[in-house]
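Data first, discussion second: the structure below is written as structure tokens.
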Amino acid sequence: MNVRRVIVSLYLLVFVSIVGMSTVFFWQTRAEYRRLQEVEARSQKRLTQLELRLKEQQKVLDRLRTDPTYVEHIIRHRLMYAKPDEFIFRFDH
């Protein structure tokens, strides 16, 4: 009877150890899953923002390719170019 009790105690100890390790593994895995979901949400948000920016830049590029008035506007304002009979006055702010 004493040997049987020792064997049952050992099985119970092994079972409790396995359940304990499984629980720890489960909580770690769940925490990692939550963290990965947060990373995915942030990445998805950034992807959406970058896609919008890409669309805006694509529109500008298309206008630069097809709209000479827009090209002239950009050259005049950003590069401070003028036509031969014009003068540009620059003032410090």
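The Cα trace of segment 2-78 gives Rg and Dmax of 31.2, 99 Å, the first to one decimal, the second as a whole number. Which lysines, on any chain, are close to Lys45 with Cα under 25 Å apart, when same-chain ones fewer than 8 places away are left out? Answer for Lys45, where 25 Å is the Cα cut-off: Lys55, Lys59, listed by chain and number. Subtracting the Cα-Cα distance of Lys45 and Val8 from 0.36 nm times their residue separation leaves 7.8 nm of extension gain.
From its DSSP helices (H runs of at least four residues, each -39,500 (n - 2.57)), the chain gives a residue-normalised ellipticity at 222 nm of -30000 deg cm²/dmol.
Read-outs throughout are calculated quantities, based only on the coordinates presented, and are distinct from any laboratory measurement. Everything numeric here is computed off the predicted structure, so don't read it as measured data.
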